[in-house]
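Encoded as structure tokens, the structure appears first; notes follow it.
The values are calculated or read from the model by the stated rules, or taken from the named source; none is laboratory data. Every value quoted in this text rests on a predicted model; they were computed, and no experiment measured them. Cβ atoms come from the backbone with ideal geometry, glycine included; neighbour counts cover every protein chain shown.
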Amino acid sequence: MDASMPIRSRFAVLCLPGRTAAHEKDVHVTVAMDDVVALCKRRGFIFPASEIYQGINGFWDYGPLGVELKNNLRDAWWNDMVRCPPDGPDGHPLSIVGLDSSIIQNPKAWVASGHVGGFNDPMVDCRETKARYRADHVHVLRHNANPAFPMFAFMEGDIENARKKAAKVKGASVEEFEDLPLSAVLSELARVIGPDASKPGSLTEPRQFNLMFKTYVGAIQDEDSVAYLRPETAQGIFLNYKNVLDTMRVKVPFGIAQIGKAFRNEVTPRNFIFRSREFEQMEMEWFCHPSEAKKWHTFWCSERGKWWQSVGLTSDNLKLRPHDKDELSHYAKDGEGTFDIEYRFPFTAPGFGELEGVSHRVDYDLRQHQEHARVKLAYFDQDSRESYLPHVIEPAAGLTRGALALICESYTEDDRPSKVFLKLHPRIAPIKAAIFPLVQKEGMPEIADKLYSELRRKYVMQCDHKQAIGKRYARMDEIGTPYCFTIDGDTLTDQTVTVRHRDTAAQERIALDKVGAFLAERLG
Ligand code: GAP
């Protein structure tokens, strides 16, 4: 486990629509990030990469249940974006096609996109502790009145630690310290005590740090063989925009969608899989007439918010936020800007963290590639006889970050034996149903096995014979399995089984031969 990973804040799960009876009673239920991380490890969702070698900072492996959950989220996005895209504002289905482009592209593409020159994060180093921080994630507590007092730096979200230090300053009360971004006090760095340091003056001036992962292609390793791992899936789409136009029967407006790995040498990977160095994105570039870009931007912001709700982020932990002017990416400056769909993660609470950005990239990327590659990328509209470079609206979501949001949102504390269950949407749950023989005798295992073999081709199911029934239920609760079917003594006499519902722990009996229909009604 990455020792530098800060797991600190507890956040209150508010009383929200869709939460359980247990939550309705107790609005002060709290979720701790370290409990979420522990469950992910204990139940085979997410492991630190190279764990037996003490891990490698910023990299994670998805275990048997993690990969199922992540694939379910990926498939839901692909289905709802590519195979069955939403209806547009005019009520007609949109046209979106898929793509799977190479992770390594000609390095000139990354020069054109602006990533080689401009994909930088400011970082500061601490001379005392040798730690490195993203400058824009560092804040300080500065005393309002007394310039002689030290300033206490802290990482966003960790203000409590800094407040404890400030409380020890003689002659000042902690309320007199103001929370400021590090950028506001750069001329006074000599007074700043680094987040993990003990003496002032150890933080360096911010320096720009390029996030691109470099590698070499071919047998000779020199400047001419340098290549980059893609930092976003989006550029592969722009590089193939003309191929798609020439081969598919698409007309502007249309979209190209891609899901895949992206790599960023993040200065401070942290908060579990929230910010890692290898992660997955789900991106769609929507090509439209410049005069319609605003309309489509509004449309996609609303659609994407609704989609996250549809896969389980139903609470007010989800919100839409416009970017401030100083946050805009190099490609979004001239357009309507970017809206972030944000989620209140346990480690950002009471604040929010980005889950998806919906940007108006104007014609930045097509124009850059047109100039650098010297190819014509203009679209010719046969109906209006007009030639133009389309504008692009880009909903860019994190798949791995989305998986984390869904796990956090579904993590539900309760007084049942397992003390916790994952209230995952059935579409996202890694295992859809479990079948248990109550005991290992009287023909119960045989009935369970038969039921399992009838249904397992349709749904991801488990048939578990071992352990006390309570323990088997507890395990299924912790991994978010919506339904458990138990074969017991009554099954032998009246051909019924017990169905246990995960969210309420309520049990009912249904006919053995109706289990398939029961699941079809609820899971499709
Ligand atoms: N093509 C635009 C683009 O890449 P971005 O906001 O940098 O935009 C899109 O990334 C999404 O990818 C983010 O909203 C986030 O969910 C995810 N993401 C970005 N960096 C990440 C990281 N280091 N670890 C995990 N997810 C990340």
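The residues in the stretch 335-372 that are within 12 Å of the ligand (Cβ to nearest atom) and either over 19 Å from ASP324 (Cα atoms) or hydroxyl-bearing (Ser, Thr, Tyr) (or both) can be counted, and the count is 6. Just so you know, in the stretch 237-252 the residues that are of a type in the set (Lys, Arg) and in a loop (DSSP other than H, G, I, E, B) include one that is nearest to the ligand (Cβ to nearest atom), and it is LYS251. Selection of the stretch 278-302 for residues being within 13 Å of the ligand (Cβ to nearest atom) and in contact with a helix residue (DSSP H, G or I) (Cβ under 8 Å, 6 or more places away or on another chain) yields PHE279, GLU280, GLN281, MET282, GLU283, MET284, GLU285, TRP286. Being farther than 26 Å from GLY312 by Cβ and crowded, with 17+ Cβ neighbours inside 10 Å is a description that applies to ASP488.
Whether any residue in the stretch 270-291 is part of a helix (DSSP H, G or I), within 20 Å of HIS92 (Cβ to Cβ) and at pLDDT 95 or above is what I want to check. Checked the stretch 270-291: at least one residue is part of a helix (DSSP H, G or I), within 20 Å of HIS92 (Cβ to Cβ) and at pLDDT 95 or above. Would you mind telling me which numbered condition in (1) of a type in the set (A, V, I, L, M, F, W, C); (2) part of a helix (DSSP H, G or I); (3) within 16 Å of the ligand (Cβ to nearest atom) ILE393 fails? Only one criterion is unmet by ILE393, namely (2).
Would you please name the residue that is nearest to the chain's Cα centre (by Cα), looking only at residues in the stretch 464-482 that are of a type in the set (A, V, I, L, M, F, W, C) and crowded, with 19+ Cβ neighbours inside 10 Å?
ILE479
Can you name every residue in the stretch 115-169 that is of a type in the set (S, T, N, Q) and within 23 Å of the chain's Cα centre (by Cα)? Listed by number, the list holds a single entry, ASN120.
Considered as a group, the residues in the stretch 136-154 that are closer than 13 Å to ALA184 by Cα and at pLDDT below 95 include one that is surrounded by the fewest Cβ atoms within 10 Å (Cβ to Cβ), and that residue is ASP136.
Restricting attention to the stretch 253-277, the residues that are near the ligand (Cβ under 8 Å from one of its atoms) and either under 17 Å from GLN235 (Cα atoms) or touching a His at 6+ places or on another chain (Cβ under 6 Å) (or both) total 2. Annotation: of all residues in the stretch 440-463 being in contact (Cβ under 8 Å) with a residue 40 or more places away in the chain and in contact with an Asp or Glu (Cβ under 9 Å, 6 or more places away or on another chain), the one that is farthest from GLY489 (Cα to Cα) is VAL460.
For the stretch 64-89, enumerate the residues that are surrounded by fewer than 17 Cβ atoms within 10 Å (Cβ to Cβ) and of a type in the set (Gly, Ala, Ser). Across the stretch 64-89, the qualifying residue is only GLY88. Scanning the stretch 420-442 for residues that are farther than 18 Å from ILE510 by Cα and modelled with pLDDT of 95 or more yields a total of 13. Looking at this structure, is ALA405 within 16 Å of the ligand (Cβ to nearest atom), in a helix (DSSP H, G or I) and crowded, with 24+ Cβ neighbours inside 10 Å? For ALA405, the condition - within 16 Å of the ligand (Cβ to nearest atom), in a helix (DSSP H, G or I) and crowded, with 24+ Cβ neighbours inside 10 Å - is met. Criterion applied to GLU356, GLU454, GLU371 was being in contact with a strand residue (DSSP E or B) (Cβ under 9 Å, 6 or more places away or on another chain) and outside any loop (DSSP other than H, G, I, E, B), and the one residue passing it is GLU356. Among the residues here, THR233 does not qualify as touching a Phe, Trp or Tyr at 6+ places or on another chain (Cβ under 7 Å) and either of a type in the set (Val, Ile, Thr) or within 16 Å of the ligand (Cβ to nearest atom) (or both).
Taking the conditions exactly as written (farther than 30 Å from GLN281 by Cβ, outside any loop (DSSP other than H, G, I, E, B) and acidic (Asp, Glu)), does GLU446 satisfy them or not? Spelling it out, GLU446 is indeed farther than 30 Å from GLN281 by Cβ, outside any loop (DSSP other than H, G, I, E, B) and acidic (Asp, Glu).
Name the residue, out of TYR216, TYR241, that is hydroxyl-bearing (Ser, Thr, Tyr) and crowded, with 19+ Cβ neighbours inside 10 Å. Matching residue, one of TYR216, TYR241: TYR241.
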